[in-house]
Amino acid sequence: MNFLSGKHILVGVCGGIAAYKSAELVRLLRGAGARVRVVMTASAGEFVGPRTFQALTGEAVWQGWSDDRSGMDHIELARWADRVLIAPATADVLARLAQGRADDLLAAICLATSAPLLVAPAMNQAMWGHPATQANAAVLCERGVRLCGPATGEQACGDIGAGRMLEPPLLLQAISDSFGRGLLAGLKVLVTAGPTREALDPVRFLSNRSSGKMGYAVAAAAREAGAEVTLISGPVSLDRPAGVALVRVESAQQMLEAVMQRAGACDIFVAAAAVADYQPAETASRKLKRQSAELTLKLKPAPDILATVAGLPAAPFCVGFAAETENLRHNAHKKRLGKGIAMLAANLVGPDLGFDVDENALLVVWEGGELHIEKDTKYRVALRLVEQIAGRYQASPHDKHTESHAEHSA
Ligand code: C5P
């Protein structure tokens with residue numbers, strides 16, 4: 001989805017070596033259909049000339065308050081902007097923004113605007129690592145400023161470390177993503193993630209290789225899109241995504257109970273957990289002793305959480321996941337219908353795919369459509385998935401979202 005077409009992007013350029021990359025950034029923004037205006041700080045002019053930006057944007061370039069003496073540039077530009085992106089953002093501008101100063105046009109715009117602010121820090125690694133800069137960055141993050149980068153690598157000064165400006169294509173992506181925010185505003189989203197543990201005895205359990213990364217990424221992306229998110233998680237070693245309510249459980253039964261307590265009140269349910277399909281028919285109350293004879297375990301089906309939620313009389317919009325080892329498309333459509341859910345995201349699992357890795361690719365299917373989300377970080381894949389969920393949710397009848405309803409109402 002191209003969120004940038006027709007959007008007003010104000011690019012702030014500060015004095016740093018990376019300023020030459022801002023020209024490429026502006027070119028990419030224009031290519032994506034955005035209108036771009038550039039505000040340069042006094043020292044930016046020592047690294048790159050205003051004419052470059054003028055030619056690329058087709059607009060005037062501001063290097064300070066203009067001469068028309070109205071003194072209102074900061075207000076006009078603050079109102080004009082849908083987003084303000086400072087790239088490169090020097091240690092100095094981070095410090096001034098953290099203090100709320102208005103000592104140049106760019107800083108004044110940042111104070112005056114209600115548009116979301118993104119900053120791409122670029123500086124020497126020691127300057128970035130300095131507690132003062134870190135504290136300034138933390139203050140800005142707390143206020144909702146989106147920090148893009150910095151990247152790690154070789155620096156112009158010869159040092160190696162964190163402080164490189166994020167490459168222009170990644171900045172383009174970040175600003176595009178920022179418009180994806182709000183797609184789920186006002187909605188309650190319930191997400192399951194991670195594996196479950198099915199106890200054999202007090203010390204042993206049956207489980208699987210799920211790391212929970214995909215479900216956590218979906219929860220974070222849904223939060224980013226403005227939803228109120230509750231994440232029901234099996235045992236994983238991941239931090240709680242910012243702004244997400246987290247409920248930790250162990251077994252499929254506990255996950256079912258935690259989900260059912262909340263399913264009636266949620267608008268969208270995303271089942272990303274790798275819930276056990278089977279659980280021991282009995283759980284021994286004492287540790288099973290080693291024996292020389294063969295031991296046969298009797299298993300019974302675990303509750304199907306997703307199918308249970310999808311079967312509720314007023315079911316939320318249900319999204320399932322499916323890990324497949326072959327025949328992805330066929331199995332995806334079949335499983336979606338079988339579970340009676342609105343949408344299913346299927347991914348191939350194998351040695352380097354799917355479970356316990358940082359990247360994923362998905363085939364998302366729904367009634368009459370499908371979307372291939374190319375291999376990327378799980379977070380980026382989750383952002384795309386959330387966009388798709390938001391689109392399908394808006395397009396569907398809101399009273400009930402299961403297949404049977406679609407059939408009845410057809
Ligand atoms: O049938 P299968 O296990 O492949 O279905 C996967 C989907 O169903 C996932 O969305 C998973 O979270 C959900 N599921 C569930 N409860 C189970 C098994 C799977 O919610 N017991």
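The values are calculated or read from the model by the stated rules, or taken from the named source; none is laboratory data. Being a predicted model, the structure only gives us computed values, none of them experimental. In this analysis, Cβ positions are derived from the backbone assuming ideal geometry, glycine residues included, and neighbour counts consider all displayed protein chains. Only protein heavy atoms, including side chains, enter the accessible area calculation; ligands, DNA and RNA are left aside. Shrake-Rupley method; radii C 1.70, N 1.55, O 1.52, S 1.80 Å.
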Can you find, within segment 355-383, the residue that is nearest to Phe269 (Cα to Cα) among those that are in contact with an Asp or Glu (Cβ under 8 Å, 6 or more places away or on another chain) and either free of Cβ contacts under 8 Å to residues at least 60 places away in the same chain or among the hydroxyl-bearing types (Ser, Thr, Tyr) (or both)?
Val364
Output the number of the condition that Val26 fails; it satisfies all remaining conditions of (1) under 30 Å from His372 (Cα atoms); (2) of a type outside the set (Ser, Thr, Tyr); (3) modelled with pLDDT of 95 or more; (4) open to solvent by 40 Å² or more (accessible area, probe 1.4 Å).
(4)
Out of Ala44, Ala19, Ala34, I need the residue that is within 23 Å of the chain's Cα centre (by Cα), among the aliphatic types (A, V, I, L, M) and open to solvent by less than 30 Å² (accessible area, probe 1.4 Å). Which one?
Ala34
What is the number of the single condition among (1) in a helix (DSSP H, G or I); (2) within 10 Å of the ligand (Cβ to nearest atom); (3) in contact with an Asp or Glu (Cβ under 9 Å, 6 or more places away or on another chain) that Met255 does not meet?
(3)
Would you say Glu324 is open to solvent by 40 Å² or more (accessible area, probe 1.4 Å) and farther than 17 Å from Thr192 by Cα?
no
Mind checking which pairs have a first residue in segment 298-311 that is in contact (Cβ under 8 Å) with a residue 60 or more places away in the chain and more than 7 Å from the ligand (Cβ to nearest atom) and a second that is of a type in the set (Gly, Ala, Ser) and open to solvent by less than 40 Å² (accessible area, probe 1.4 Å), Cβ under 6 Å, 6 or more apart or different chains?
Ala310/Gly340
Against the condition modelled with pLDDT of 95 or more, in the same structural domain as Gln254 (by TED's automatic domain parsing), open to solvent by less than 40 Å² (accessible area, probe 1.4 Å) and assigned to a helix (DSSP H, G or I), how does Ala315 come out, does it pass?
no
Of everything in segment 71-109, what is touching a residue at least 40 places away in the same chain (Cβ under 8 Å), in a helix (DSSP H, G or I) and of a type in the set (Asp, Glu)? Give them in sequence order.
Asp92
For segment 229-252, give me the residue count where each residue is surrounded by fewer than 19 Cβ atoms within 10 Å (Cβ to Cβ), assigned to a loop (DSSP other than H, G, I, E, B) and within 20 Å of the chain's Cα centre (by Cα).
7
In segment 266-293, the residues that are open to solvent by 40 Å² or more (accessible area, probe 1.4 Å), within 13 Å of the ligand (Cβ to nearest atom) and within 22 Å of the chain's Cα centre (by Cα):
none
Taking Ala323 as the residue in question, decide whether it is more than 8 Å from the ligand (Cβ to nearest atom), over 17 Å from Phe205 (Cβ atoms) and under 24 Å from the mean Cα position of the chain (by Cα).
no
Can you confirm whether Ala263 is more than 27 Å from Asp358 (Cα to Cα), within 13 Å of the ligand (Cβ to nearest atom), buried (at least 18 other Cβ atoms within 10 Å of the Cβ) and in contact (Cβ under 8 Å) with a residue 12 or more places away in the chain?
yes
